[in-house]
Amino acid sequence: MPVDDSEKAKRGGSAGRVHETLRREILALALRPGTPLDETQLSQRFGLSRSPVREALSRLLAERLVEMLPNRSTIVAPIDIAGFPRFVEALDLQQRFATRLAARHRSEADLDRLRACAARFDETVQGYQPLEMSQANYDFHIAVAEAGRNPWVTRQYGELLNEARRLLHLHFEFLLQVDRTQVLNNQHTDIIEAIAARDADAADTLAHAHTMHFQTRFLKALHHTPDAEFTIEFLAERSARREAGA
């Protein structure tokens, strides 16, 4: 029997709600890497049929936030710490190229959007909510990519940025634990100025420095000598408590 438009809209809205909830929990590490995501259990949790849950998982799969195993079960995507150097290499190349293109092709409307995104990031820093900070950072860099007018670059860069968000979340949690003032040392404003001046070389240099800043802080977090509380389990549990109160 055909499904009418109202039923499709209802199912799509339900899938969107499940997707957004699971996405936030994955990015905030409330759902840890490797956690199984059982369709039946999720259907019971959200009080829905399996169809919208399956659709939500498909969206998360496209975002590389979950993985499907050979037996067709789904898990939260692992974080490949061992592959971090290669990941940063790819991120650096895409970030530099996207920012160069933005310097060449940006419009005044693009600059307005970039300034608004940078201001939003600064606002999230003041409230120091790591999930909101990573979202604002993602929004800024996607705006840079879209200013470059190359949808293929935007798509590839967006995939890398999305994969970086859980790493960035750990980085922000680390700064919250040891010295939150460090996060204020960002180069978004300088990048905007280079793009506004149509200086592709300066934009390239700043984008590279931005990537290296992220790499340095993340590696520092990994090599941090922990106190009694600073563990990955502690960070994940704190993120879960924060999400529960959001």
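Each value in this text was obtained by applying a stated rule to the coordinates, not by laboratory testing. Because the structure is predicted, anything quoted here is derived from the model rather than measured. Because the Cβ atoms are built from the backbone with ideal geometry, glycine has one as well, and the counts that use them run over all protein chains shown.
Worth a mention:
- Kirkwood radius and radius of gyration were both taken over the C-alpha atoms of region 55-156, and their ratio Rg/Rh is 1.04.
- Amide hydrogen neighbours beyond the local backbone of T35, cut-off 5 Å, H modeled: V76
- Projecting the Cα atoms of V153, V76, A90 onto the charge dipole of region 45-199 (Cβ charges, centred on the Cα centre) puts V76 farthest toward the positive pole.
- Taking 0.36 nm per residue of sequence separation and removing the Cα-Cα distance, the S51/E159 pair yields an extension gain of 36.3 nm.
- Computed extension length for R198-M212: 2.8 nm, one decimal, from 0.36 nm per residue of separation with the Cα-Cα distance subtracted.
- Region 48-133: trypsin sites (Lys or Arg not before Pro) falling in loop per DSSP and having at most 11 other Cβ within 10 Å: R72
- Cleavage-rule hits (chymotrypsin sites (Phe, Trp or Tyr not before Pro)) in region 87-157: DSSP loop, at most 15 neighbouring Cβ within 10 angstrom: Y128
- Cα gyration tensor category, rounded, prolate or oblate, for region 4-116 with a/c compared to 1.5: oblate
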